[in-house]
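**Q** Before I ask anything, here is the structure I am working with.
Bear in mind that the values in this text are calculations on the coordinates, not laboratory data. Fair warning: this is a prediction, and the values are worked out from it, not measured in the lab. Reconstructed Cβ throughout: ideal geometry from the backbone, glycine too, with neighbour counts over all protein chains shown.
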Amino acid sequence: MIAKVNTAALNGLTPLTVFIEVSARQQKPHELGQSFIMVGLPDNAVRESRMRVETALSSLSLSLPPRMAYKVNFAPADVRKEGTGYDLPLAIGMLASLEKVQLPLLEKTVLLGELGFDGSIRPVKGALPIAIKARAEGFEHLIVPKANVREAAVVNKIKVYGADDLRQVVDFLNGQPALQPTEVNTRAEFFEAQTQCPFDFKDVKGQETVKRAFEVAAAGGHNIILIGSPGCGKSMMAKRLPSILPQLTLSESLETTQIHSIAGSLQSQTSLIAQRPFRSPHHTISDVALIGGGTVFKPGEISLAHNGVLFLDELPEFSRNALETLRQPLEDREITISRAKYSATLPCSFMLVASMNPCPCGYYNHPTHACQCSPGQIHRYMNRISGPLMDRIDIQVEVTPVSVTDLAQMPAGESSEQIRQRVIAARELQTERYRNLKGIHCNAQMTRALLEQYARLDQEASQVLTRAMKRMNLSARAYDRILRVSRTIADLEESPEIQARHVKEAVGYRNLDRADWGE
């Protein structure tokens, strides 16, 4: 008998329905040694599923009859099948081919899960996007591991079941009430999961200029780099950026959760990610781990930071190759990864926050500590970051240390909630401005055409910018960055027009450009 079981594969964020066809018949004497044939581009993990499936069936007293020949086809046959999520549908397909599982319910069900030797069902990656695909294809039921059930149950109009072991799935498909659908109130779960950031800007004393720069960056979604000596508070302030960003919207949360689902980084029983991601990879990270890919596809840090913050501490210590891979994603806010076995496009709209020392010893421009570096050493150190990459960072600000005496005497700073209210007000202006434009939500995403429409300068402001461009020897890309930041500063003041003072402040956030630094 031939049985067909529904499951799914993933190509980046895009799920693909996969059908596992299993044919079982009694072996003939001359066919001994050919009891199991698998086709359809399975990888090693899929080929090894035979041992997991047979052992799991045996441990649950669902042993297969002796001397049976099985032929398994994964369709479509031209798509490579990877991972362990095919264990459960393969086991059900083998049982169905022996008429031990009824077909009517099976035809309406998508199955996904890895099997243990004891028949337990272990979590897999990508349950949420697969659930969305199953609903779109018109399936009525989805069976996933119990650890993945809440993320998949976010999808409505399809019944999602979480199973602990293979026996429960077999009983359910044979008409017994072994499983109950899991229901998740998506909106309630989303708003309940929104909690305050554990870090607050009120803990930061002094550094008013830097905090203002963070406010501007958050209001417009701009990238920012901090340059300062060790211990001046760069990392401390960077970790507090999420506390002044607007909360995730429900659509952003669903998109972000899909990426983390594919990466397998969701915690057990998590339904939705309700906090903006804050990713801080170590400087030894490889370019593949940063942008994604690999022999077996996995989203990189830039995609895991989608709709959130990517913090690169000690930026010059990252490998040159890794940093240069950021240039295109920072512009396009998506990354296309093409390999021999796959091609995948992932979103990566994140705020880049970077920090670095001003020189190898770390004390260039320090008010009390003498720098031991020569101008050549400082120049070589800064050269570790390419000009095109630095151009893509809208706000570049120098951080000077606060003395111990001032720290003891200064009052607590302004709270993150106060700053966030101003940021939200500016973001609301931008949302209204770009409401009819697809993919544009904040000033940092403005194209050249939008800059001409929404960031026009009067004569005085234009003269200020022209003089700054010549004095600092800035590129055309930096010119656009200054316009975007100027538009954000004006939005924070609820000013419909960009004025000269807005441009002056925006230019002040470019005073670390390479042409001027270290001279």
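**Q** Filter region 274-320 for residues that are farther than 30 Å from residue 191 by Cα, assigned to a loop (DSSP other than H, G, I, E, B) and among the small types (Gly, Ala, Ser) and give the result.
**A** 286, 294, 319
**Q** Consider residue 276 against the criteria (1) of a type outside the set (Gly, Ala, Ser); (2) under 17 Å from residue 417 (Cβ atoms); (3) under 16 Å from the mean Cα position of the chain (by Cα); (4) surrounded by fewer than 21 Cβ atoms within 10 Å (Cβ to Cβ): it satisfies all of them except one. Which criterion is unmet?
**A** (4)
**Q** Kindly establish whether residue 414 is in contact (Cβ under 8 Å) with a residue 24 or more places away in the chain, part of a loop (DSSP other than H, G, I, E, B) and closer than 23 Å to residue 488 by Cα.
**A** Values: in contact (Cβ under 8 Å) with a residue 24 or more places away in the chain: yes; part of a loop (DSSP other than H, G, I, E, B): yes; closer than 23 Å to residue 488 by Cα: yes.
Criteria met by residue 414.
Results for (1) under 11 Å from the mean Cα position of the chain (by Cα); (2) among the aliphatic types (A, V, I, L, M), shown as yes or no for each residue.
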residue: 295; (1), (2): no, no
residue: 303; (1), (2): yes, no
residue: 314; (1), (2): no, no
residue: 326; (1), (2): no, yes
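**Q** Also: For region 4-23, state whether one or more residues are without any contact (Cβ under 8 Å) to a residue 60 or more places away in the chain and at positive phi. So that I can check it myself, show each step before the final result.
**A** Let us first name the residues in region 4-23 that are without any contact (Cβ under 8 Å) to a residue 60 or more places away in the chain, namely 19.
Subsequent filtering for residues that are at positive phi retains none.
No, there is no match, as no residue in region 4-23 is without any contact (Cβ under 8 Å) to a residue 60 or more places away in the chain and at positive phi.
**Q** So residue 236 passes all but one of these: (1) under 23 Å from the mean Cα position of the chain (by Cα); (2) more than 25 Å from residue 502 (Cα to Cα); (3) in contact (Cβ under 8 Å) with a residue 60 or more places away in the chain. Which condition number does it fail?
**A** Residue 236 satisfies every listed condition except (3).
**Q** Within region 47-59, track down each residue that is of a type in the set (A, V, I, L, M, F, W, C) and surrounded by 15 or more Cβ atoms within 10 Å (Cβ to Cβ).
**A** Just the residues of region 47-59 that are of a type in the set (A, V, I, L, M, F, W, C), to begin with: 51, 53, 56-57.
Matches in region 47-59: 53, 56, 57.
**Q** Based on what the data block shows, is residue 407 exposed (fewer than 13 other Cβ atoms within 10 Å of the Cβ) and touching a residue at least 60 places away in the same chain (Cβ under 8 Å)? Quick ask: steps written out before the conclusion?
**A** Working: exposed (fewer than 13 other Cβ atoms within 10 Å of the Cβ): yes; touching a residue at least 60 places away in the same chain (Cβ under 8 Å): yes.
Spelling it out, residue 407 is indeed exposed (fewer than 13 other Cβ atoms within 10 Å of the Cβ) and touching a residue at least 60 places away in the same chain (Cβ under 8 Å).
**Q** Among what's in region 179-227 and is among the charged types (D, E, K, R) and crowded, with 16+ Cβ neighbours inside 10 Å, pick the residue that is nearest to residue 270 (Cα to Cα).
**A** Step one: filter region 179-227 for residues among the charged types (D, E, K, R), giving 183, 187, 189, 192, 200, 202-203, 205, 208, 211-212, 215.
With crowded, with 16+ Cβ neighbours inside 10 Å added as a condition, the list becomes 189, 200, 202, 205, 211-212, 215.
Numbers: 189: 10, 200: 25, 202: 31, 205: 36, 211: 33, 212: 35, 215: 31 Å.
Only one residue fits best here, namely 189.
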